[in-house]
Every structure is written in structure tokens, then in C-alpha cells.
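The block underneath contains the structure these notes are about, expressed in C-alpha cells.
None of the figures in this text is laboratory data; all of them are computed from the coordinates on show. On a predicted model such as this, the values are computed, not experimentally measured, just so you know. Neighbour counts run over all protein chains shown; Cβ positions are idealised from the backbone, glycine included.
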Amino acid sequence: MSLRKTLLVICLLLAVLCLAAGYGIAGQWMGAILAILMGPAWLLARRYPGSRLPLVCLLVTVGFAVVGRLVGSPPFLMIFASAVALAVWDLLVLDSALGNPSSVEQTRHYETRHLQSLTLALCSGLLGTLLGSFLKIQIPFLVWMLFIAFLLFALDRVWGYIKNTGKA
């Protein structure tokens, strides 16, 4: 099994487990069952990647996370489920765009770079969410905007470094 298919399965399992666990913690067992049923829906979307089904699954999964938060599910589980669902959607679209045979060197290079950027975005976003859930600091809006601009600049520099080291 290729790396992108392995990541797809892992992310899909994480999304379904986080949603089901969040609804279970909130005591909403019907929501947990519906969240578990999102797994087969995503697998069906994988069979029809050219349709709108992957987008519908993404919207429904994020909707489940929002409703889960409104009924009292832990915020980190719902945010994590949404982020991982976005990664599943991205991997489905990538799989559809590349097709199954990825033996060409340029395609493998593109796939590797795409998976690296997806992992970097997912990990940095989830790390920021985790830190934000533990730290309660009152910071003015302007300072937040400058901090976000700095982070975007730093991520761009890191991505540029990764891109340049791949050519060497």
C-alpha cells in the first residue's frame, strides 16, 4: 500500500474515532453511531472521487464536529476530527488527481512534496490548537495579527528550506 493510501486510512480512522469519542463523552449515543457511519460514507466517496461526494462528506463531518461542540463534546476532539477530515478530503482529491500508477519520478516528487506540506500544515495547526486550549492569555487583536503574520512568514521560510534541500 502506498504512503498516501496509508495516510488516508489512518486519517479516516482518526476522524471517525474522534467524532465518536466526542459524542460518547457528551452522552450523545445516536451522534456517536452516526459519526461511526461516516467511515463507510468516506469509503464510498473514495470509490467516486470525481463526484461531489468527497466534498459532501467533508461538509457533513465538519458539521458533525460543530454540532458535537454545541452539545458539549471536548473542543480538542472536535477540532482534531475536523482537521483530519480535511486531510482525508485532500488525500482523496490528490488520489483522484494523480491516479493509481505513480511510477513517474515527477509524480512521486509532487506526491512527496504534497504530503510533506499537508503534514506540516496539519501538525502546526493542531499544535496551535493544543497550545491554545491550555493557555488562556488576553492578547490584543493587533498583536494576534502580527503573530499570525510572523507564523506565516516562518512557515514560508521552512517550506522554502525544505524545497531547496530537496534539490541538492
*Which order do Cys18, Cys11, Cys123 fall in if you start with the one that has the fewest other Cβ atoms within 10 Å?*
Cys123, Cys11, Cys18
*Would you mind working out the magnitude of the charge dipole of segment 59-168 relative to its Cα centre, with +1 at each Lys and Arg C-beta and -1 at each Asp and Glu C-beta, to the nearest 20 Debye?*
280 debye
_Given a 10 angstrom Cα cut-off, can you work out which residue in Ala35, Ala15, Ala26 is the most mobile in a GNM of the chain?_
Ala26
*Please give, to one decimal in nm, the separation of the simple spin-label points placed at Phe141 and Arg52, each 7 Å out from Cα toward the Cβ.*
3.5 nm
*Fluctuation leader among Trp144, Trp29, Trp42 - the chain, Gaussian network, Cα springs under 10 angstrom*: Trp144
*Gaussian network model of the chain, Cα springs within a sub-10 Å range: biggest mean-square fluctuation belongs to which of Leu77, Leu92, Leu135?*
Leu135
_Label selected from [x] 1.10; [y] 1.27; [z] 1.16, the criterion being Cα Rg over 2.2 N^0.38 Å as computed here_ = [z]
*How many nm is it between the label spots at Thr165 and Ala121, if each spot is 7 Å from the Cα in line with the beta carbon?*
2.1 nm
*Net length gained if the chain between Thr107 and Val9 were fully extended (0.36 nm per residue, minus Cα distance)*: 33.2 nm
*asked:* Charges on Cβ only, +1 for Lys and Arg, -1 for Asp and Glu, centred on the Cα centroid of the chain; of Cys11, His109, Ile148, which one is farthest towards the dipole's positive end?
replied: His109
